[in-house]
Amino acid sequence: MITVNNLSSIDDSLVHVRISNWQYQCCGTVPHLGAELTGSLSVHSAEVPAYLAPAVTGWDPHSGLVTMGEVVAQLGYGLADPTGPLHLALSWHEHDVRPVLTGVVERLYEETGRFLRTGERSYRFAPESAVHTPVREATRWPDDLLEDGGRATTGVVAGIRMTALRIPTAGEVDARLATEERERRTLMITGPTGCFGARIPQVGSRIHVDLGDPRMVKQGILDGLTATVGGEVLQASATLEHSSGGGAMFTAFIEPDPGNPPAELMVRLLVDSKDAVPEGAASD
C-alpha cells in the first residue's frame with residue numbers, strides 16, 4: 001500500500017500531486033473528479049506543509065530518481081537531494097525522460113491564498129496563507145487579484161488512484177544525461193564573422209573561439225568563460241533585424257552567403273569537455 005502523508009486518513013491509499021493551474025490553462029484536461037490523468041512525476045521542496053510526498057525510501061544521484069515506497073519521481077530542479085518536506089508535482093509539459101504516472105482523480109482540493117508583494121512590480125504566493133478547499137473540478141481561470149494581499153490561486157492538489165507508473169530504463173536515463181551534458185556545454189555566440197575563422201564555419205566543423213573578446217555576446221551556462229575554447233559548430237547563421245509592423249524588433253537567423261559574408265554571425269558551439277570548465281572551478 002502507498003503511504004501518503006496528508007491531512008486525512010481517508011486518502012491514505014491515494015497519491016497526492018500538485019498541478020499548477022498554468023498546466024490546464026494552457027492545454028490538457030482540466031482536473032476533475034473521475035478524470036484519468038497522465039503526466040510526468042517530479043518531487044520538489046514543499047513550502048506549504050500539506051499533502052506532502054510519501055517518505056523517501058531511496059534515491060539514485062546518477063539518475064535523479066527518488067523512490068517513495070511504490071512511487072518513483074524525478075528530483076526537481078534546484079534540489080541537490082530529496083531531504084526536508086517534499087511534495088509531488090504532475091506535469092504534461094515536461095519532455096525529458098521522467099517517471100510517468102497514470103491514475104484516476106478521487107479527491108481534488110483547490111489551493112488558494114494571498115499574493116505577497118516582493119518588489120515594486122513583483123509578487124509571490126504567500127505559503128502561510130494557503131487554504132485547501134474540496135472541489136469537483138478545478139477552476140481554469142480563477143478570479144485572482146494581483147496586488148499585495150490579493151486573492152491568489154496556485155492550482156490543485158489531486159488525490160490520484162494510481163493505475164500505472166512507467167519508470168525510465170537505464171538506457172533512457174543515460175541518453176537523457178548525455179543530452180543534458182551537451183546542453184550544458186552549448187554556447188550561443190554572436191560576434192564579428194572574422195572571430196570565427198577565415199571562412200564561415202560549417203555545421204559539424206571544429207573551430208577555436210576567443211571568448212574573452214569583448215565584441216562577443218554569449219548565452220548559455222558557460223557564458224562566463226573568457227578563455228579560447230575549441231568545439232563543434234552546431235549552427236552558423238547570419239542575423240537579420242526586422243520589425244513586426246507594430247514597432248517591435250525581432251532577430252531572424254538566416255543562412256549566410258559565403259560569397260558575401262555578413263558582418264556578424266551567430267554560432268552555436270558545442271564546447272569541448274576539457275574547455276567547458278567554469279573559470280575558478282577545478283577540472284577532473
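Packing, taken as the mean count of other beta carbons within 10 Å per residue, orders the peptides 80-87, 98-105 from highest to lowest as 98-105, 80-87.
Under the shape rule built on the C-alpha gyration tensor, where the axes satisfy a ≥ b ≥ c, the stretch 34-114 is oblate, since a/c reaches at least 1.5 while a/b does not exceed b/c. Relative contact order, whole percent, for the stretch 67-169 stands at 35, derived from Cα pairs under 8 Å and 6 or more residues apart. Determine which residues of the stretch 126-152 fall in the zone a paramagnetic label at residue 32 would reach in this model, i.e. backbone nitrogen under 13 Å from the point 7 Å along Cα→Cβ. Backbone N within reach: 136-140. A crude spin-label estimate for the pair residue 208 and residue 179, with each label 7 Å from Cα along the Cβ direction, gives 3.4 nm. Placing +1 on each Lys and Arg Cβ and -1 on each Asp and Glu Cβ, with no other charges, gives the chain a dipole about its Cα centre of roughly 220 debye. Taking a ≥ b ≥ c as the square roots of the Cα gyration tensor eigenvalues, the stretch 144-246 comes out oblate, since a/c reaches at least 1.5 and a/b does not exceed b/c. Of interest is the spacing of the C-alpha centroids, which for the stretch 117-144 and the stretch 42-58 amounts to 20 Å.
Note on the stretch 110-190: Kirkwood hydrodynamic radius from all Cα pairs is 16.8 Å, rounded to one decimal. Distance between the C-alpha centres of the stretch 192-206 and the stretch 251-268: 10 Å, rounded to the whole angstrom. Which is farthest toward the positive dipole end of the chain among 99, 187, 276, measuring Cα position about the Cα centre, with Cβ charges +1 (Lys, Arg) and -1 (Asp, Glu)? So the residue we want is 99. Between 123, 24, 51, the GNM of the chain built on Cα springs shorter than 10 angstrom shows 123 fluctuating the most.
On a 0 to 90 degree scale, rounded to 10, what angle separates helix 170-184 from the longest Cα axis of the chain? On a 0 to 90 degree scale, this one is about 50. Overall, the ratio between the Cα radius of gyration of the chain and 2.2 N^0.38 Å, rounded to two decimals, is 1.27.
For the stretch 18-126, the set of trypsin sites (Lys or Arg not before Pro) satisfying both a DSSP loop assignment and a count of at most 10 other C-beta atoms within 10 Å is given as 121.
Based on the Kirkwood approach, the hydrodynamic radius assigned to the stretch 71-154 is 15.5 Å, with every pair of different Cα atoms included.
For the stretch 118-164, what percent of Cα pairs sit more than 17 Å apart? Summing the P(r) tail past 17 Å for the stretch 118-164 gives 47 percent.
FYI, it's all coordinate maths here, none of it is from the lab. In this text, all values refer to a predicted model and were calculated from it rather than measured experimentally. Reconstructed Cβ throughout: ideal geometry from the backbone, glycine too, with neighbour counts over all protein chains shown.
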